[in-house]
């Protein structure tokens, strides 16, 4: 597999697209998709995602990266290059509700998530058997007020350096800053409301009390601020006065599943750039 | 026109539907539509909307209402009877943005809003000529910090007792409690966000800053709490990182127009019941 | 469990709601939900769904049905009474694509489908192990042009009289009229297009060729006319020129799953009435 | 105003993006937005839209176009360059229903359609006064079976060479091939159904008869095949068994208005490329 993707952010200025595309062309790469976005024509940020094929990529990737440095320096780029042959490794964190996990595993089995699911981590043992039937290791790390610090250290030991992305698939615990720090913009959470409405606990009960006519779910990167990180994707469904809290939960489960799976897929496919607590999604 | 509608709220209990439908049948009325909703089978509230035809309604309506009192008392009903021949009178309040007003007037002209538009009230004179070209009186009541109390008194004098419903069609002033009081659940506002997200001013700028992927608008009855009244209708539209604040406003204008017009139509058609800051909408 | 539901269709006329609700009240039943719809105020059809509680229902249901006959005769009603304690029995037919089956089993496990899944029938053996892991019998009945008649007879023998509803969860064979006949309005199919667009085979390829900007799925009752039966539910998703046929299929799988599950749930909850190739859905 | 846009289609191959962006950079242009799409990595078509600023554009545009020819020839490009200072001229064709015309005029007045509305052409005189109040010429050209050929000749004489885009805003006549020919991919029609469902006349009646649960509207370029041209945009709205044909029409009017206005806006902003009866829309 000779395909790779580059994600680039830098201050906008003339000649960036020309420089990047010329560079790739000179190195024999064939661009198969390219997306750009400039925040503001005058003085804003420039974002680019470019997908290309290059023969003998594995042998030439180090040289390519090295050669790109001069362009990157010139335009003050933050950039990454991802080879499609190196699948991203995922850890899925889950508590007792299984619907988001089931969806991710089903999409992964169906070949829709081009990643490796390295492990499932849970504060409960409920889904151990189910997860292991897929051949995926399951780490049961109970979390109590007393063992919280210890549990977080265990989590960190298990994932750190071993996975590329952590997915909180209705993991009902607050994640430690010690985990957020090394996984900045690499932890995706699904919040069961249309953020920023109904931050925090029991969002469906909050939605019911407020009498909203549409409910939603939000996938976002996790930051130190609860439910405050960059939003990746949201979706909604119409509800009515007839729907009580458990009906809202039932309807919401399908929204949550779909929204989380989309966000994970986009991350895996290197479609997301983050800038100042907001995302640029090339989809 | 011999058609009428009843809206009924009462504590739930056995025999309500039987009593109401039996009563109407006994009086020679033919039910053309009937909707019920019980909040909770055990011990909740019961809501009913029934639409019926009764020959010589005009002559018999007083007797019908009188006869219904014993049923209403028995079940502790709050109820209203509306004759379709008596069109509701509307006052539309507007500031400088015209899109919601234009939509309401267009739908009204197209015959989709079965009401009388009695007047337009504005703190600006911009739309005077346009409104008057429809033969609708236009009251220009400027509002400044100094003249606020006086202006509110003028508004009250103009509308009170003369209109049945006040529509705030992007009226960018806070409405006086003196107006809210007599028009409880009869003032509809359009808020240009998906409430309860982005309460207050500049919701599109707030939405842009938070980086949401979907924007919305909310029609609600006005209460003393800013943007906190019973929600009637909401709708949304997908946006992306490419949409800046003015693009969000442009997209939002269409959502606002549509959502407000739906809420007004439902109110006119007696489809909305309010209970504890939430609406039951039979649509 | 003392709850039951009645579904009623009859020519419209005065006094129907009064008669039914009075009858139930007289027999000590407490109506917990009631929906009516009249096709056309003058001379159309009347449809009603009423859900009620009646103490000692099991002992009294025969008497209740018997007593109701005089009302049913008077108004020329077609009607059914369903006890919630008697769960509907489902047969799910499936071929090689598993997403609709997986969704139904997941929702059933989550308690969202209040039915009994009696069996899965397939022309392939692929999902035998998976289905049996739920303790559900799996009948593998291969269908070839030569064995078609024999296979259909086997299917009929297996399901007839033993199940209440047949769900074609992406069963890629045309169902025999011998099966349709006894299961009139009791076979639900999911068609992977927004009917009536793209009837027949390969709807996603047809959609791609036509360049539509939105794709959909349709759940309908099966009749002798291919993809021509009464539509129960449809939903859609936006697509773009970037989506090739396999991408449309991937997006479509989620729509199919959701739409089929909704239709099955509504059927199980007795929310659907059929009249002249169209459905009335009280949801 | 020094801004321009290029739309490019050509067979895919290596180096196109590099060549175009390098060319623009060399000529001193600053790319403010660039979108590409390759139909299929191997052997498909390549599409590009690039928006750029170039100082003293008016003086340099002829030279720029001339210099670009060698690149265009090399890659076998079909291409156009549009200056934003030269607003597109529109003719709107309308019959008796006014909602699409009203929407376009309102959006145009609000500054959302960056074009010149040169004329309105109608087979009826109903909207003459309304249109002329905007200072827009109104041509009333009655069409009867006898005068059809003559009327079409008149239309052609009026528009040909004088407008860039013809918008059929619910113009209920079939457009002459003599008009389609010179305006290939420059006539936008709004069809009041979710094409390809319900081609031809009375689509809402067809939708009602089929019992669909969602209705829609489709904006497409007009070709010789009735309702068969390249689809630009579609949108939908949920309906229910309660909605009769006139209710479907009412709901549909809002979908039609919004969908047509979006398609016209995208055309004006040079966001649409057509290839083999399908559109690529960069929005």
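The numbers here are math on the coordinates, done by the rules we state, and not lab data. Every value quoted in this text rests on a predicted model; they were computed, and no experiment measured them. Every residue, glycine as well, gets a Cβ built from its backbone with ideal geometry; the counts of neighbours run over all protein chains shown.
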Of every Cα-Cα pair in the stretch C:88-281, the percent that sits beyond 31 Å: 14 percent
Angle between chain B longest axis and helix B:57-75 axis [Cα atoms, degrees, rounded to 10]: 80 degrees
Mean Cα-pair separation over length for the stretch D:3-83, i.e. relative contact order, pairs under 8 Å, 6 or more apart, %: 47 percent
Among C:191, C:220, C:241, residue whose mean-square fluctuation peaks in a GNM of chain C (springs only between Cα atoms under 10 Å): C:241
Residue exposure sequence - A:245, C:258 - by fewest surrounding Cβ within 10 Å: A:245, C:258
Structure-based [θ]222 nm, chain D - -39500 (n - 2.57) summed over DSSP H runs of at least 4, per residue, nearest 500: -10000 deg cm²/dmol
Inter-copy label distances at residue B:246 (7 Å, Cα→Cβ; nm, one decimal): 4.3, 4.3, 5.2
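Once you keep just the Cα pairs under 8 angstrom separated by 6 or more residues, what percentage relative contact order results for the stretch A:88-281?
Once divided by the residue count of the stretch A:88-281, the mean separation gives 20 percent.
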On Cα atoms only, tilt of B:99-109 relative to the major axis of chain B in degrees: 40 degrees
Dimensions (Å) - the stretch B:3-83, Cα atoms, principal axes, largest first: 39, 23, 19
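I'd like the antiparallel share, as a percent to the nearest 5, of DSSP beta bridges with both residues in chain A. Kindly include the intermediate steps, with their values, before the conclusion.
Details: 38 of 55 bridges.
If we restrict to bridges inside chain A, about 70 percent are antiparallel.
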Mean-position separation - Cα centroids, the stretch C:9-41 and the stretch A:204-267, in angstrom: 38 Å
Whole-angstrom gap from the stretch C:120-199 to the stretch D:132-177, using each part's C-alpha centre: 55 Å
Percent of C-alpha pairs per 10 Å bin, the stretch D:213-283, short to long: 20, 43, 28, 9, 0
Packing-based exposure ordering (other Cβ within 10 Å, fewest first) of A:282, D:75: D:75, A:282
7 Å along Cα→Cβ, label-point gaps from residue D:1 to other copies, nm, shortest first: 4.6, 4.8, 6.7
Chain A, closest residue to the rotation axis toward B, by beta-carbon, whole angstrom: A:197, 2
15 Å cut-off, amide nitrogen to a point 7 angstrom out along residue C:244 Cα→Cβ, residues in the stretch C:178-218: C:205, C:208-209
Percentage relative contact order, the stretch C:194-269, counting C-alpha pairs under 8 Å, at least six apart: 32 percent
Label-to-label distance, nm, for residues given as residue A:128 and residue C:205 (7 Å Cα→Cβ offset): 4.9 nm
Highest-MSF residue in chain A out of A:39, A:48, A:77 [GNM, Cα springs under 10 Å]: A:39
Residue of C:146, C:76, C:55 that the Gaussian network model of chain C assigns the largest fluctuation, springs spanning Cα pairs under 10 Å: C:146
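Got a sec? How would B:79, D:106 order by Cβ neighbour count within 10 Å, fewest to most? Walk me through the numbers before you get to the answer.
Details: B:79 17, D:106 20.
Lowest count first: B:79, D:106.
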Principal-axis tilt of helix B:148-159 within chain B, Cα atoms, nearest 10 degrees: 40 degrees
Kirkwood hydrodynamic radius of the stretch D:51-139, from inverse mean 1/r over distinct Cα pairs, in Å: 16.0 Å
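Test of understanding: express the Cα radius of gyration of the protein assembly as shown as a ratio to 2.2 N^0.38 Å, with N the residue count. All intermediate terms of the calculation are to be shown ahead of the outcome.
Details: Rg = 31.3 Å, N = 1132, 2.2 N^0.38 = 31.8 Å.
The reported ratio for this selection is 0.98.
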Cα-projected label distance for residue D:72 with residue C:76, points at 7 Å along beta-carbon direction, nm: 7.2 nm
Among beta bridges that DSSP assigns inside the protein assembly as shown, antiparallel share in %, nearest 5: 70 percent
Cβ-vector label at 7 Å, residue D:27, separations to other copies in nm: 2.9, 7.9, 8.3
Nearest-0.05 FRET efficiency for residue D:283 and residue B:89, computed from C-beta distance (R0 41 Å): 0.45
